[in-house]
Amino acid sequence: MRVQGPFGKFFLVSFLLFSCASVSFRRYEPYSPLQGNPEDQRRVIRTYIETLSLPDRIAQRCILYIPKGMPIEEVESFIRDRKPGGVILYRWNYDTLFDLVRLTEAIRRGYPAGYPEPFLCADQEGGRVRAFPFKEFVQLQPCPGGIP
């Protein structure tokens, strides 16, 4: 989707501002009996979210990818500047298991202390595409009817 013209940009900014201002964070909070009363958890999260700036609230609703060819050494500052809610990992971001570990560590270091943990995801489609082709990982089978 491409936003064009002043009306399109105005609509996009209005939508983002409205959705961030009216979001209910209840649905994103899993209950864990080990962490105590869920109402106390909600109150802590709500209080923390209210301390974030509007751009940081908007960024928490986005999942970014690491651009192809970006050195792992630059990932930490890339994340620190944007502070997204999560990062999707593609196969082009690493060559070895050691690179993958270094990449995820750099992503986590990019977030300030006390900031919500990033949601890390992978481009794992099944079939011929394997996000983690390492022997240490379980290899997922493609879904029935998918590409073998």
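May I ask you to say which residue of LEU103, LEU120 is touching a residue at least 12 places away in the same chain (Cβ under 8 Å), surrounded by 13 or more Cβ atoms within 10 Å (Cβ to Cβ) and outside any helix (DSSP H, G or I)?
Going through LEU103, LEU120 in turn, the sole match is LEU120.
Please find, within the range 49-59, the residue that is surrounded by the fewest Cβ atoms within 10 Å (Cβ to Cβ) out of those that are of a type outside the set (A, V, I, L, M) and under 17 Å from the mean Cα position of the chain (by Cα).
Top of the filtered list is PRO55.
If only one of LEU103, LEU97 is modelled with pLDDT of 90 or more and not charged (D, E, K, R), which one is it?
None of the other options fit; the residue is LEU103.
Filter the range 61-114 for residues that are in contact with a Pro (Cβ under 9 Å, 6 or more places away or on another chain), farther than 25 Å from GLU136 by Cα and charged (D, E, K, R) and give the result.
Scanning the range 61-114 gives ARG61, ARG80, LYS83.
Of all the residues that make up the range 106-115, how many are modelled with pLDDT of 80 or more and part of a loop (DSSP other than H, G, I, E, B)?
5
Considering the range 60-75 alone, what residues qualify as being more than 19 Å from ASP123 (Cβ to Cβ), modelled with pLDDT of 90 or more and either hydrophobic (A, V, I, L, M, F, W, C) or under 14 Å from the mean Cα position of the chain (by Cα) (or both)?
none
Scanning for something at pLDDT 70 or above and over 21 Å from the mean Cα position of the chain (by Cα), does the range 118-134 turn up at least one residue?
Yes, because at least one residue in the range 118-134 is at pLDDT 70 or above and over 21 Å from the mean Cα position of the chain (by Cα).
The values are calculated or read from the model by the stated rules, or taken from the named source; none is laboratory data. These numbers were taken from a predicted model, which means no experiment stands behind them. With ideal geometry, Cβ positions are generated from the backbone for all residues, glycine too; neighbour counts draw on all protein chains shown.
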